[in-house]
1. In Å, what Kirkwood hydrodynamic radius results for the stretch B:85-153 from the alpha-carbon pair distances?
2. Quote the charge dipole size of the stretch B:102-158 about the Cα centre in Debye, to the nearest 20; the model charges only the Cβ of Lys and Arg (+1) and of Asp and Glu (-1).
3. What residue among B:Pro17, B:Thr72, B:Ser55 has its Cα farthest toward the positive end of the dipole of the stretch B:2-75, where the charges are +1 on Lys, Arg and -1 on Asp, Glu, each on the Cβ?
4. Which residue fluctuates most in the GNM of chain A (Cα springs below 10 Å): A:Ile189, A:Ile205, A:Ile148?
5. Counting only other chains, and only Cβ atoms inside 10 Å, what mean value do you get across the residues of B:14-26?
6. Test of understanding: in a Gaussian network model of chain A with alpha carbons linked when under 10 Å, which of A:Ala259, A:Ala196, A:Ala221 would top the mean-square fluctuation ranking?
7. Under unit Cβ charges (Lys, Arg +1; Asp, Glu -1), what dipole magnitude, rounded to 20 debye, does chain A have relative to its Cα centre?
8. Which percent of the accessible heavy-atom area of the stretch B:45-158 goes to carbon and sulfur, probe 1.4 angstrom?
Amino acid sequence: MSHVFLPPDLDRLWNILEENPGALLYAGGTDLLVRLRQNPLKPPSLVCLERIEELHGVRERGEEVFIGACATHTGLLADAIIRDNFPVLVKGLACLGSPPIRNMGTIGGNICTASPAGDALPPLYTLDAGLEIRSRNSSRRMALTDFILGPGKTSLQQGEILAGVWLNRHPPFAIHHFEKVGQRNALAISLVSLAALLTVSAPGIIERVRLAWGSVAPTVATSAAVEAMLTGRPLSRETMDSAIPLIGDAISPISDTRATARYRRTVAGNLLLRLIEVDRRCK
Amino acid sequence: MKISFLLNNREIELDVPSDRRVVDLLREDLALTGTKEGCGAGECGACTILVNGKSRLSCLMLAAQLEGCSVTTIEGLSPGDALHPVQEAFIEHGAVQCGFCTPGMVIAAVDLLRRTPDPDRPAIRRGLSGNLCRCTGYQKIIDAVEDTSRRRGKGKAS
Ligand SMILES: Cc1cc2nc3c(=O)[nH]c(=O)nc-3n(C[C@H](O)[C@H](O)[C@H](O)COP(=O)(O)OP(=O)(O)OC[C@H]3O[C@@H](n4cnc5c(N)ncnc54)[C@H](O)[C@@H]3O)c2cc1C
Ligand code: FES
Ligand code: FES
């Protein structure tokens, strides 16, 4: 049996974490409680973060936006600041799980689970998300890309929590795109996903581009080489065809029960072709 | 651990292990067996309940989290023996076969209609996409929800 704590604020949380070494944190529980059920070893205690007000909500701070770690996906999908500034994140969250999973699951939980298939992650990589890590006596900022070390591995230390996510308001891109390929639309883990931010000049030249793929490497995959190759070139089939071979160096997909590595490689490339259509639709 | 919360509009205080799953607490401790457990892992929606008016999965919530909340299960959706308009529409449209998915489906539909005043069929499908049904093929369920929304629009149902 595990004792479940429900601290109402951070001060109470720090006390609980000090007095209960080995306690596991959870927010929505949609990852942790599923994992615990499969695992017969019960932790001595669980700490649910959902009542801690400081970890909720979306706040504008100068040129930045802070998203509390316990913000639920449903809450973010309905938030005006998020909808206005970060359509790429909205598109990613909209295809995460199902309505009740989005009602319960949080952005902090998606990040800390550090799954290569986490649907919030490719959008947050393209947006250069920063994370606020807090413990009783410290608060530090680090890049999401440095925080996630591998599948299920983060750089969180004992006594630390993820307090929230920092994003630059007004990311300088006109087109926000996210596409997830899975076996069905709802409740399907992604086989391959692509988040893309893009600005295309009037004559159709790619001025700026950020790309991040999910489910094709131990962590979200990015490729400076592909981005450099695309920048300054026309947004055309020819340009994409010449960039696609470079993606191979950025990804290392696995074969599992859902798809083969070869399928994932092909789809990771072909998802780039969609950007041509997306740009047409935006005009 | 002592917890107190509002269950179907009645104050209730219980002494339960804080890590008891809410679905077990409802079904086994309180004999509210309307709420079902299908997968126990967030995939099927059979265990859906309303917590503070929002649909949540009772298989992925622990007793401690209920403290101070207002919980509605299928038993408490409408007072006494009266049926909720969504329940009536399910009967009328033959949206129930074995009935296992029905309590979760109805609760999910109530949540959807509360948040989306006039959902079209694709929106209803998306709204119920966390609830699996192995019998009906979904069409009649979607018909029932669409009809509830239409009647509500005409002021015939609440
Ligand atoms: C049926 C089902 C379908 C799903 N579908 C998808 C999907 O399509 N796409 C997808 O990306 N995910 C999916 N998930 C996974 C999950 O719902 C998401 O990753 C969700 O965002 C997790 O959030 P949570 O708050 O529920 O996490 P929790 O289970 O509460 O926590 C997950 C992990 O993060 C840690 N943690 C949580 N918050 C903090 C914090 N603030 N500080 C430090 N550590 C923290 C916990 O200790 C735990 O290890 C699905 C899950 C289920 C059950
Ligand atoms: S029993 Fe809870 S979602 Fe299936
Ligand atoms: S009626 Fe049998 S599962 Fe839906």
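The values are calculated or read from the model by the stated rules, or taken from the named source; none is laboratory data. Predicted model, so just to flag it, every value in this text is computed and none were measured. Cβ sites come from the backbone with ideal geometry, for glycine too, and all protein chains shown count toward neighbours. Keep in mind that these areas ignore ligands, DNA and RNA; they rest on the heavy atoms of the full protein, side chains included. Shrake-Rupley method; radii C 1.70, N 1.55, O 1.52, S 1.80 Å.
1. On the way: mean 1/r = 0.0867 Å⁻¹.
Over the stretch B:85-153, the inverse of the mean reciprocal pair distance is 11.5 Å.
2. Details: 12 positive and 6 negative charges, 19 e Å.
Dipole magnitude for the stretch B:102-158 comes out near 100 debye.
3. Projecting each Cα onto the dipole axis, the largest value belongs to B:Ser55.
4. Largest GNM mean-square fluctuation: A:Ile205.
5. On the way: counts 0, 0, 0, 4, 9, 10, 2, 2, 0, 0, 0, 0, 0.
Per-residue shielding by partner chains comes out at 2.
6. A:Ala259
7. Numbers: 30 positive and 27 negative charges, 162 e Å.
I would put it at about 780 debye.
8. Values: 2550 of 4960 Å².
For the stretch B:45-158, the apolar C and S fraction of the accessible surface comes to 51 percent.
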